[in-house]
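Structure first, commentary second.
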Amino acid sequence: MSTDGADDLVLWDRAAASYAATPDVDWFGLFLDRHLADVTGRRVLDLGCGDGRFASRLQRRGATVVAVDGSARLIDIGRRRYPDVEFHQRDLRAGIDGRYDVVVALMVLMDLPVLDRLRPQLEPGGVLVATILHPAFFNQRTGDDGDGGYRQVRGYLDEEEWWIESFGGHRHYHRPLGRYAEAKRGEPLD
């Protein structure tokens, strides 16, 4: 990929107010129930926490939450909105470590140019819950097959850097799913 992401934090600081102003749709409760169930007393890392809305929900469900994001402005917004959550501003390209029962990375991994320094350790029986944007939303071509059509995803196995307009603009680093599995095993991505 072409960039080292040096200005990504600047872009996310610029986007912070727009991101924090998005409606707080409560899909997280059902998502949490499906993937994590009871988090009471568990130490949870919210990686790429944004403005802290999900970290706050995890804490209200009884978790001890460490919320981390690269954007200083998003962290400031989170601290104001959710003063009981433990927030830390860190450039995630530089890495993060620690031991957790749960690591939650909701819609953040595809916004990081490198993943090889993210090394939080899961306690035995720990859970990693991560979501990414599927490339079908970007690299697609609609075709007509006479039966209603189809969408063909192109370039799925290519690693690419995309410009995303949402929240005022930021970069997205597409990787095939296998690259995330490699990162989970500790293999370098770059």
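Would you pick out the residues in the range 58-93 that are out of contact with any strand residue (DSSP E or B) (no Cβ under 7 Å at 6 or more places or on another chain) and hydroxyl-bearing (Ser, Thr, Tyr)? Passing the criteria: 71, 82. Checked against (1) hydroxyl-bearing (Ser, Thr, Tyr); (2) assigned to a helix (DSSP H, G or I); (3) in contact with a strand residue (DSSP E or B) (Cβ under 7 Å, 6 or more places away or on another chain), residue 100 passes all but condition (2).
The strands (runs of 3 or more DSSP E) found wholly in the range 119-167 and carrying at least 2 residues that are at pLDDT 75 or above and under 21 Å from residue 109 (Cα atoms) occupy 121-131, 160-164. Report whether or not residue 58 is in a helix (DSSP H, G or I) and over 15 Å from the mean Cα position of the chain (by Cα). Considered against the rule, which asks whether it is in a helix (DSSP H, G or I) and over 15 Å from the mean Cα position of the chain (by Cα), residue 58 comes out as yes. Filtering 67, 15 for residues that are closer than 18 Å to residue 109 by Cα, in contact with a His (Cβ under 8 Å, 6 or more places away or on another chain) and part of a strand (DSSP E or B) leaves a single hit, 67. Could you go through the range 87-109 and let me know if any residue there is under 21 Å from residue 15 (Cα atoms), in contact with a Ser or Thr (Cβ under 6 Å, 6 or more places away or on another chain) and of a type outside the set (Phe, Trp, Tyr). Checking the range 87-109: at least one residue is under 21 Å from residue 15 (Cα atoms), in contact with a Ser or Thr (Cβ under 6 Å, 6 or more places away or on another chain) and of a type outside the set (Phe, Trp, Tyr). Against the numbered list (1) touching a residue at least 24 places away in the same chain (Cβ under 8 Å); (2) open to solvent by 20 Å² or more (accessible area, probe 1.4 Å); (3) over 28 Å from residue 164 (Cα atoms); (4) not in a loop (DSSP other than H, G, I, E, B), residue 44 comes up short only at (2).
Considering each of 37, 16, 6, 67 in turn, give the residue that is surrounded by fewer than 12 Cβ atoms within 10 Å (Cβ to Cβ) and closer than 25 Å to residue 113 by Cβ.
Unique residue meeting the criteria: 6.
On the stretch given as the range 76-103, residues that are under 26 Å from residue 123 (Cα atoms) and either open to solvent by less than 80 Å² (accessible area, probe 1.4 Å) or touching a helix residue (DSSP H, G or I) at 6+ places or on another chain (Cβ under 6 Å) (or both) total 15. Being farther than 20 Å from residue 9 by Cβ, surrounded by fewer than 18 Cβ atoms within 10 Å (Cβ to Cβ), in contact (Cβ under 8 Å) with a residue 40 or more places away in the chain and not aliphatic (A, V, I, L, M) is a description that does not apply to residue 60.
The values are calculated or read from the model by the stated rules, or taken from the named source; none is laboratory data. Quick caveat, the model's predicted, so the values are computed rather than measured. With ideal geometry, Cβ positions are generated from the backbone for all residues, glycine too; neighbour counts draw on all protein chains shown. With ligands, DNA and RNA removed, areas are computed over all heavy atoms of the protein, side chains included. Shrake-Rupley method; radii C 1.70, N 1.55, O 1.52, S 1.80 Å.
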